[in-house]
Every structure is written in C-alpha cells, then in structure tokens.
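Just so you know, all these numbers are worked out from the coordinates, no wet-lab data involved. Just so it is clear, the structure is predicted and the values come from calculations on it, not from any experiment. Counting neighbours? That spans all protein chains shown, and the Cβs are built from the backbone with ideal geometry, glycine included.
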Amino acid sequence: MSTLLDVQDLRVRFNTAAEAVRGVSVRVETGETHCLVGESGCGKSVSALAVMGLLAKGGIRTADRLEFAGQDISRLSERQMSRLRGDKIAMIFQEPMTSLNPAYTVGSQMAEVRMRHRGGSKREALDRAAALLGRVGITAPGMRLAQYPHQLSGGLRQRVMIAMALMCDPELLIADEPTTALDVTVQAQILRLLMELQRELGLAILLITHDLGIVARMAHRVSVMYAGKVVESATADSLFAAPTHPYTRGLLDCVPIPGKVARGAPLGSIPGTVPRIPLGFQGCGFRDRCAHADASCATIVPQQTRQPGHAYACRLPAGWVAEPVA
Amino acid sequence: MSIRQIAGTLGAIIVFGVALMAIFAPLLVPHDPFAQDLNLRLVPPSFMDGGQPDHFLGTDQLGRDYFSRLIYGARISMLIGVATVITSGLIGITLGMLGGFLGGRADMVVMFIITCRLSIPLILVALAVVSLVGSSLTVVVLTLGLLLWERFAVVTRTTVMQVRTLDYVSAAWAAGCSRTHILLREILPNIVHHLVVVATLEMAIAILLEAALSFLGLGVPPPLPSWGLMISEAKDYMFFSPWVIMVPGISLFILVLGINFLGDALRDFLGATRDA
Amino acid sequence: MSAAIEIRDVAKIFRQGTGLFSAPRQVRAVDGVSLSMPAGGCFGIVGESGCGKSTLARLILGLHPPTSGDILVDGQALGAMGRRERARLIQPVFQDPFSSLNPRRSIRDIVGLPLAAQGIGGREITSRVGAMLERVGLRAEMAHRLPSQLSGGQRQRVAIARALVLGPRIVVCDEPTSALDVSVQAQILNLLNELRRDLGLTLVFISHNLAVVEHICDEVAVMYLGRVVEHADTDALFHAPTHPYTRALLDSVLTPEPGLGIPDVGLGDSYPDPANIPPGCRFHPRCPIAEARCAIETPAPRMIGTRRVECLLA
Amino acid sequence: MLVFFGRRLLVALLVTLTVLTVSFALTRLSGDLAIAIAGPQATEQDIIIIRKAYGLDRPVVVQFVDWVVSAASGDLGRSYIYHEPVARLIKDRLPVTLTLGLTGLLIAMATAIPIGILAAMREGTLFDRGIMMIAVIGQAMPSFWLGLLLIITFGLKLGWLPISGVDEWDGYVLPGIVLAFAAIPAMMRLTRSGMVDALASDYIRTARAKGLSRASIVLKHALRNAAMPVVAVAAVQLGFMLSGSVVIESVFALHGVGYLGWESISKNDFPVVQAVVLFLAVVYIFLTLMADLLNAFLDPRLRTS
C-alpha cells in the first residue's frame, strides 16, 4: 500500500484573528477510507477544501508538505490544479440539493467533466454518464440524463454527484459530509454504495463526517479533529477499541447505542462548547472542557504513540483509560 | 474608516445640514426669496465675473436672490421627501403586512394591487393628477404618496413572509400571544431595518420626482422656489449663464446623494439585505 | 394511565401553488392518524423528512387547525380551548435554536413571553425567568443577553426554559437535538430526561434519529407519508420490528460499533412524495417484500399483541 | 407550462382592465370635464354644447363601457385638440419613443452587465467598491438636469451632437444616454449581486471541484443563473424608460408618445391622456409578460413543473 495523499502541518487562516486549521497532518493510503471526524467548526471541511485548492476568498493555506501521488501540489498554479480536480481527485459535498447547477441537465453537467479532462465527443461522454448512473443504482439512466436537478430527490442527486465524480476514474474521492442532508435510509444506501465502489474500483476515500457511527462502519483509518487540530489518529479498530484522547473518549460516551446504553440513563457528555482559538494560541485546545487538564496543558502538548499507527496529542499516558468499553 | 463609513458620515452630515437649513430658512436667508428686482436680473454668483457681494449665488431671471431661494427650496424638498415617505410608508407597509401575514387570498389581492400600481406610468399619471386637481404642495405630496408605496409593500410583504414562518413566531403562537402582539412585537421589529432602508430610498425618489414634475411645470406652483422649478425657469437662460441651472441642480444632486449614502450606511449598519 | 393527548383520525391537507387560476396541488401531510399518548410518558414519533411528523407536532400544538378529525389534549378538545389555556397546558421546543429565539429580544423577554401573554406582571416575570434559567442549567444573569451571544446548546436550553416557564403538562419537542453537535446533544437529552422525571412531564419527542428515540422514549410511532405504519412500545419495536419500513429504519441506524459494515436496507432509488401518494399500500414502491396485491389493497391497521401495524404482509 | 402562461395572461388582462378603469376615473375625478375643455372664457351655453358633443351628458357608467369597448377594438377616441383619432396620433409618435427606449436599454445593458460581472468577480476589492460608489452617485443625478448638462456640454460647447429633435440617428445619442443613465445603477447592482450569489453558491464550488475552466465557471455556470433576475429587471426598466420618456422627450424636444402625453395634459386633451396612460401601461404589462416567459425559458424549474 502506498501513500496517495500526504498532508503535513496544514494551516488555514482567513482574514480574521483566528486560524481555522492549526496544523493538520493526514495520510490517505491508496484504496482505503480515511475518515476525518469532528464537531462543527473543528476545521475538517476547511482542511479538505484547502487540499483541493477550493478555499473561499481570503483563505490562506500553508503546509509543510502537500503531496498527491508523489507530486507536490502545493505549488501548482490554479490552472494546473484545475486539471487535477475532477480528474485524479474528485469531490462530493454535503448539500446535494444545491450542489448541482439548477439550469443544466444532469447529463450535460456530467458530460462536461469528461470532455474537459479527457476530450472526446459529447456522445461518448453521455454514454459513459449513463453507464455510471446505472452503476450507482439509478434505474432508467437514459431518462435521468435529460432531467434537471430539481426533478430528482436528494438521494438521487447525491448518486448523480457520485457518478459525476467517477467520470474520469479518480484515484481519490473526497466526500465532505455526503449524507448529512439525507434521510437515514438514504444515508445507509449512499454509504453502502461508496463502500462498494471503493472495493470495486480501488478508490481511496477521504470521508469527512461528524457521525461516529459512520466512522465505525466505513473507516479503515480515522483522524479525530478538535479546534483545528488532529487530536488522535489511528486505524478504526484501534481507535474504537482503545480511544485514548479525552475528547475521543468523551465523544464516544455521548452517543446512545440501542441495547447498550440503558434507557433514560444519563449519557456521557462534554461540558461547555467549542472554544474560539485565537492566533498564537498555545497548548491544548480542549483543556477548558477536559476533566483531566492541568497546568501543563497550557504549554506544549506532547505527541504520543499508543502503538504503531495510533497517535494522540495529550499529556496523559497511553494507559490512562481503564479497559475500553466493548 | 472605510470608504463606506466616510460616505455614510458625509451623507448624514448632508441630510442633517439640509434639514437644519429647511427648518431655520427664515433666519438664514439674506433676502426675501420672493422679492423681485428687475434691475438686478441674472446677476452671476459673487465669486464669478460680474458678481455682486450682496448676492452670494447671484439672482434669477426676475432678480430674486438665488441663495435665498435655494434655502427655501430645501424646505420644499425635505417636506416632499418626509411627507411622501410617511404617506407611502403607511399605505405600503399596511398592504405588505396584510399580504405577508394573512397569506392566501388576501395576499393574492395585495399582489394584484401591487402589479396594477407598477403598470401605471408613474410620471404621466402624477402629471395628470396634479394638472386635474390643481397644483399645490399638498396635492404633490399626496399624489407622490399615493403612487410611491409599492416598494414598501413589496419589501414588507416578502420580509413578513420570511419572518412569520420562523420558529420564534410559532413559539409566540404557542405561548398564547395575540395576533396583534405577534405582528407588532415579534415580526415588526425584525423587519424594521429593511423598512428604514426603503424609506431613505423612497425619500430620494420622491425628491427627484417632485423636481421632475416641477421641471415639467406641473409640480409645485410658482413662485414657490422648488429646485426643480428653478431649473425649469432657468433653462431658457442656461446657454448664456450655465450657472443658473448648475446651482439648483447641484443642490438637488448633493441632497439625493447624501440620502443615498445615508441609506447605504444604514443598510450596512442595520444588516439589511443588499437589494431591499 | 389516562391519555395526555388523544388524536382521532386527524388529517391535514395543504394546498400548494396559490396561483389565481391554477388548480392547487394537494399535499396530504397527515392522512388519517389516530394515536393515544399516555400521560407522564415519553412518546416518540419517527420517520423521514416529509412523513408528516412535524406537521403532526404543529397540529398537536394548535399551530394549524386539522383539516379533519379531533385532537384532545388532557381530555379537552384543542379547537375549543382559548389560546391562554392551551399555552398553560402544552408548549413546544423546536429544532433550530437559531430561528426559534427572536434575535431582537433579550433572553428574559423570550423566556418570559408565555408569562407576559398570561398577563403576569414584569417583576414576577423577572424572578420566575431567573429561577427557570437556573433550572435548565444557565446562570440567571444570562437574562440580559441577546440570543446572538449564546451558543447553540445554550439557546436550546433557553427554548426549553421558555417551554417550561408556565409549568405545562405536555412538551412537544420537534427534533430538539438534530441541529446540535453530538456532545451538546447529549447534554440536552440528559436535561430533558431529568426535567421530565422531576416535573412529571409528558414528552412528545419527534426525531429522525432512532438511536436517540430508543434512548429516551417509552413508546414509538413510525410515520410514513402521513400515516402511522407501526406503533408499539419501544422495546417491542426495536427488538422485533414488524413493518418492513420500520425494519429498514432500524437497519439504517449506524451505531459506533466497528466491523458491522453498512447493511443493505433494500429500498431502491424511488422516494416518497407527499403530493403524489401511491395507491394501495403507500410504501409498496420501496418495499423489499411487496407483492402484487400491495399495489391495490390499502392495508387496514391491525393489532398484533399490543402493537398496531399497517401492512398486508405482517 | 401552458397553465403557467395562461394564468399569467389572465392576470395581465385583469391588470389591464384595472389600469383602464383607473385612467378613466382619473379624468373624471376633477369634476366636470366640459368646463375644463371649454376653458375659462366659456359661457354656460358653450359648456352645454360641448357636453353634448363629447357625449359627456351620458351616465358615467355608459361612458366608461363605451370607452372600454371601443378601446378594445382599437378605437381610442378622438383628440379634442388635434381632431384626429388618438390611435393614429400614438402610432405616429411611437417610433421615436420606441427607438429611444431601445437605445437606452441597449446602452444600459451593454454598460451595466459587463461591469456588474467584473465587480462581482472582484468582490470586495477597490474596483468593486469604486463601481458601487459610482452607482450610488449615478442614482442621485436628476435625469432632466443631466440632460441639460449634456446639451450644454456636447451640443453647445463641443457641438458634437444635436441638442434637440431626431432628424438623424445621432439625435438619439444624448437622450439615449440620459435614459440609460437612470437604469444603469439598478441593473449593475442586480447583475453584481446575482453574480456574487451565484459565484458563492454550492454548484459553483462543484464546478470548481470538477476542474472546469474559469471561463466556463463564470460564463456558463454562474451567469446563466444570475441572468434570470437581470432579465426581469431589464424588462421593468424598459417599461420605466418608456414612461420616463415623458421627461426626457420634453428636455430634448423629441415628439414621441411621452411628449404627446405631457402636451395633452397641459392642454386638457383627455382622450389622449387616457389613451397614452393606457398605452404605456399595456406596453409595461406586455414587457413583464415577456420577461416572465423568457425567465421560464431560462429557468428549467419554472419550465418543467
């Protein structure tokens, strides 16, 4: 397995007094699903957009390393980067309702990706679009090609987005909360589809989500983000078996699991709310909400390794947690 | 300070200044604005060749002091602006509230009235009304007020519609509040900033429109010194003495610009939408 | 146990497209729902968007009049109740903590609104609001703030305080936690559970999140396209779902348990449209076990033990 | 779609009928028309004769129905002053007003739309803010005064263009500019805000994520969606221009429909006033109808549902 996307110490700042992303390092291996999980405002979506070069106006990106398939993409011009987007790296978004252009048919929006990156006739592009619509589980793809986005339900639109992302056989798919706006049954269908596609096409997926359930079911590897930083990173098995950072632990305790957490019993919860981190902030961003914080948390946070491939950023020793809940 | 803030401050100073000028006009004028002196016709402003120190902005074709007339003209513009906004605001906001709050058939009727109003050629109908009823300041104010309410109505209607579906309005219903309470205490405070912006816009439009009507000879009746009328009366002389149309024209322009600047600043300050 | 809310064959039809001359489209948001919600319990209503669960909540709150049918709250007909009387009995908590608080009023005025509507004086409002804020875990001096100065979780606490300040018997929560982050969601759920126990409230809890519903509710009704397709107590429903739609919903719950993968819910790519309800069983176009007769025969509600199901094949 | 169009048409007809009523009522508001026509020197006898001659002695309702019926068949009555059918008067004056309006619209669109797009693409920059400032300044300019200034500058001082009348095409340049000037700020703001919204939308992010070229993103994906409100406003502006031509035509002494209206008002020529008001209203109604149709064509959401 080789590293497809290698991000080291990514930082993003908008013209305000705060950094949205404060040094994120993420590696996505070929053919695996890497989940970036965290609550709203933790910087997970901004990180993904920064990698794609799609930051909103005024966003400033710096990184020690930003490599895709061995190529340094931090120095690419907008024009060169646009050649990569939609071709080798594809992206889908949270809101399938608004992510498609209301003025053009599904077919025309799908075909233009292929024609832009691979050339060829519109006919060929449309044929491929029809085949891919079938592949993502849409019945009567020929009819759907001629329809406009408003004629499709949310679930169908997200399938169209996925099919559109596959038009040029990408190596990496970045999915930014792809099911958050969908109903639960449709969510399960879309996630299952992504899983199948990955297995079949050897696709690498960087999946951004706030839902630990999705992480548990989908991820090979997980990075947990809090306040613009990755606080814990591990394989999914290792993370759920032995969550080590207090934030990861707290987050897992918040989720009710039918049959596992007694009805009406209080759920674990994290007190307080996500803080705003000013520029030049030192120490651990979680310390104000953490029951285990002490004075040292206001200075430097040690990066520790629980076991190979399971890193976390906290002063506590790896064994501080009692044996994990099953 | 940003450009916008500077413009906003400037606008506030202009509007406030012209308002003061209008209120204290009798104390400010050096001459009687209606007194004619046919020996002193078309005297240029004092800073130009042939000007007289006694007449700062010169005199008009009837020898009336231009500066004094200009100051009295501010009264008319401000009066027209404020009175029209009040009249049209009352009509438009009431209609918009009815349509937006009640919805359904009431809203259809309101929409229809708005469409009809938009279809009526504004200037022509205003001219016709003034000509038929006879021109006076009151007639001009009422005519403009009766014609310029549609923006108030449209903005009120759409904003009320947006606000009334919000959950805090539902919560107020569930709390047992009365219809009046909900309309006046829950909805109105949340749309009033849009209406303030519309009011400034309408004030500017009303002032420009009065000037246009007076320019066409069917606005404020002479000898009242409306700025539009001053331009109209002076236009026969503009080829030889261009300043006669410059003085009232620039005044009009600066006042309307001030109102627009103020409106934009209020828009930014109150957080109203761009196109309200 | 007496019923806190009794819903008898209630329907709500909305007209869309209010054009002058076009025939308006009819949306049957709620289409013949009968439910009885016991006092002192937590009654869950689940379903996907467009299933009518939020409309049902608004009907119960008296925010919309039903097109047909009767709603009895605490034994009295909702339609015959005065607005003040109704407000003392039943109160809402809405989903979006940003749109549910008037941005131009102070927290004191927002929480005190139901009191003011009853004609209670200013000084008493201030003291009762202060006490209520502390009861929901906020400091009393928050009363002077504006909603924009509060976080999402704090706003939702304010909304709960407003709902409870009159001491109602029933609180209708329409997706009270779905706009919140997971960590805050847990705080709010714990608070609701605690308040319910301490104050003896009846909760109507509307959600699309089955894990949350399982955690907090005693009884659950599953809605699909305006009808209740299955209604049972929580344990029965979660351990042995009977309706194929309930089964699909339960399959879709993704708990944070690694290695389970994503189950196939088997629903196909069609999607329910409340303006265009299929004939026969309204679930049949998506149903994985549908037979030919499901497209023709409309299933009548049946009792299987204590549960009520609408399915020809159950 | 057909239902949509039919409904729209019916509303347009109803609006026309209402405007018809209003413009009729307008001329009857002021009391006795015959006295106004006869003028201040007329005797009691003259007034009675005039009342009979113009059919003003009949009940108002009869006069109204009579007028509506004949207006529907294209007969707008006869002018009291010109003693000609009003329809012919309007027809003769129409080319001037129409040319003027279209010239104004073309100048306005050719200026406002490209600048609006550029300002949106450079949102928040000095260029954008400068343009918006100019728009505010432009909105404050009284159009008749601007017309006079242009006449003095280009007609008189520089002698480049004629200052009144339209014997040749160049007579339309100055009035066209003045008309356009009034419409440019609104159109520019709308183009800009439409483009700003479109460029910030999710589907533009999708288009960028697809790696499309900048030209395709701006011109194909964003502009198409921003165009819809601009089209609607362009039609409304053209309507305003035609009715605003009252002022401009009198400044530049162009004998168009607006000038005719003004003239008739000052001469108490009521059949002409009624007809011109009605005519301008119908043109406006027609233009908004066209704009709706064009928008339905541009926006598939309207077309297919």
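Quick notes on this one:
- Test item: A:267-275 mean partner chain Cβ contacts at 10 Å: 6
- Loop-resident sites, the stretch B:198-276, for chymotrypsin sites (Phe, Trp or Tyr not before Pro), counting at most 16 other Cβ within 10 Å (DSSP): B:F239, B:F240
- Residues of the stretch C:66-89 with amide N under 18 Å of the 7 Å Cα→Cβ point at B:T180: C:83-84
- Modelled label positions at C:R83 and C:Q26, each set 7 Å beyond Cα in the direction of Cβ, lie 3.0 nm from each other.
- Computed Kirkwood radius, in angstrom, where 1/r is averaged over Cα pairs of the stretch D:213-280: 14.3 Å
- Other protein chain C-beta atoms within 10 Å of residue C-beta, averaged over D:264-272: 3.
- Fraction of antiparallel bridges per DSSP, chain A only, in percent to nearest 5: 60 percent
- Annotation: extensible slack from C:S106 through C:I120 equals 3.3 nm (criterion: 0.36 nm per residue apart, minus Cα-Cα distance).
- Order of D:S216, A:S233, D:S245 under a 10 Å beta carbon neighbour criterion, fewest first: D:S216, A:S233, D:S245
- Backbone N atoms of the stretch D:43-72 closer than 16 Å to the 7 Å Cα→Cβ label point of D:K91 belong to residues D:71-72.
- Coil-residue trypsin sites (Lys or Arg not before Pro) of the stretch A:37-91, DSSP, other Cβ within 10 Å capped at 15: A:K57, A:R75
- Theoretical FRET efficiency, 1/(1+(r/R0)^6), r = Cβ-Cβ of C:D198 and D:V68, R0 56 Å, to 0.05: 0.15
- Counted charge near C:I262, where neighbours are those whose Cβ lies closer than 11 Å (Asp, Glu -1; Lys, Arg +1): -1
- Under DSSP loop assignment and at most 16 Cβ neighbours within 10 Å, longest GluC sites (Glu not before Pro)-free interval of chain D: D:169-305
- Distance between the 7 Å Cα→Cβ label points at C:D235 and C:S148: 5.1 nm.
- Neighbour-count ranking [beta-carbon atoms within 10 angstrom, fewest first] of D:V22, A:V184, D:V65: D:V65, D:V22, A:V184
- Taking 0.36 nm per residue of sequence separation and removing the Cα-Cα distance, the D:L294/D:A42 pair yields an extension gain of 85.3 nm.
- Using a Förster distance of 35 Å, the FRET efficiency for C:D273-B:Q162 (Cβ separation, nearest 0.05): 0.85
- Label-reachable residues, the stretch B:3-40, where backbone N falls under 15 Å from a point 7 Å from B:I86's Cα toward its Cβ: B:23
- Every helix of 4 or more DSSP H residues in the protein assembly as shown counts as -39500 (n - 2.57), and over all residues that averages to -15500 deg cm²/dmol at 222 nm.
- Extension gain for B:L20-B:N39 works out to 3.6 nm (0.36 nm per residue, less the C-alpha to C-alpha distance).
- Estimated FRET transfer efficiency when R0 is 30 angstrom, pair D:A215-B:S2 (beta carbons, to 0.05): 0.40
- DSSP bridge analysis restricted to chain C gives an antiparallel fraction near 60%, rounded to the nearest 5.
- Each residue in A:S108, D:S250 was given a count of other beta-carbon atoms within 10 angstrom of its own, and listing them fewest first yields A:S108, D:S250.
- With a 10 Å cut-off around each Cβ of A:174-186, the average count of Cβ atoms from other chains is 4.
- C:R139 paired with B:F239, simple spin-label distance in nm, labels 7 Å along Cα-to-beta-carbon: 7.9 nm
- Taking every C-alpha pair closer than 8 Å and separated by at least 6 residues, the mean separation divided by the residue count of chain B gives a relative contact order of 24 percent.
- Database remark: amide H of C:M223 closer than 5 angstrom to the amide H of C:V46, C:G47, C:V229 (H placed geometrically; neighbours at sequence offset of 5 or more, or on other chains; Pro and chain starts carry no H).
- Normalising the average separation of contacting C-alpha pairs (under 8 angstrom, six or more residues apart) by the number of residues puts the relative contact order of the stretch C:3-309 at 21 percent.
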